[in-house]
Ligand code: NAD
């Protein structure tokens, strides 16, 4: 297979179904010749993920709950059994108790704060450490974040705080791994209707607001995310690390409601 990613192989973490941001990225990586492995959380997802992986020419699919360090060791062990080295990892994982993705951040419980931080932020660190050990010739690690890390978005609450930690982790990891030619970047995607997003209160309103107010006057798709993911994971972005790249139809540059946007 020829293409930008020919000869490169890597792990996609966080594919749940064909609406997942991970699917948009994986598809474009495959189109450009990458060889892919997939990890999923929980046996229930296996029957969704396996056929999708097959569509992209992969039978290399295994379970990994990123909040469990033994499971992470086991997953990277499986990866290493088949592939001695890898070139990239996509970390498309986030989770919080949906009862706290509405109402006030003020009411966040300690238990959910710690769980959200663990799964949505610390897991990138845990993954990067294990992935880097398999990247002797350099590589690229990509995670997914959201504008709620930078500005208050109603209902995003503790997830916004976790994404801020994730974005700062990207910078520190980029500096730690830079001497090994391993790049670490994030895509800050605009709102897209996925399983994870459906847990966020008033998500339909957020979608509509973004569509009406972003410079491109539309929402982004998983194909938009896939194209930017391909760029950051490929050698086209060989000089880019520690970056949070917005794929949000430009929404983050707008400071006011657009004149032509009707009240919603
Ligand atoms: P999704 O539901 O398709 O993917 C989320 C994935 O996280 C699922 O595959 C789920 O199994 C996985 N996950 C949750 N807890 C896990 C755990 N303990 N171990 C392993 N995997 C676990 O939704 P998505 O929107 O594609 O989310 C992917 C990433 O994109 C998330 O980090 C999300 O915050 C981010 N993001 C989403 C949007 C959006 O609007 N959809 C916008 C910006 C960023």
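Worth pointing out:
- The antiparallel fraction among DSSP beta bridges confined to the chain stands at about 0%.
- Proxy reagent accessibility, fewest Cβ within 10 Å first, across 156, 172, 231: 172, 231, 156
- Virtual spin-label span in nm between residue 258 and residue 118, 7 Å along Cα→Cβ: 4.2 nm
- Efficiency of FRET from Cβ geometry, residue 217 and residue 43, R₀ 51 Å, rounded to 0.05: 0.75
- Here 69, 134 are placed in order of increasing Cβ neighbour count within 10 Å, fewest first, which gives 69, 134.
- Stretch gain in nm, segment residue 195-residue 63, where the contour uses 0.36 nm per residue and the Cα spacing is subtracted: 45.7 nm
- Rough spin-label spacing in nm, given labels placed 7 Å along Cα→Cβ, for residue 31 and residue 202: 3.6 nm
- MRE, 222 nm, helices only [DSSP H, n ≥ 4, -39500 (n - 2.57), over the chain, to nearest 500]: -12000 deg cm²/dmol
- Once the Cα atoms are used to define both axes, helix 222-233 deviates from the longest principal axis of the chain by about 50 degrees.
- Extension gain, residue 151-residue 168: 0.36 nm per intervening residue step, less the Cα-Cα distance, totals 4.6 nm.
- Residues 192, 119, sorted so that the one with the fewest Cβ neighbours within 10 Å comes first: 119, 192
All of the numbers you see were taken from the coordinates with simple rules; none came from a lab. Keep in mind it's a predicted model, so treat the numbers as computed, not measured. FYI the Cβ positions are ideal-geometry reconstructions off the backbone, even for glycines, and counts take in every protein chain you see.
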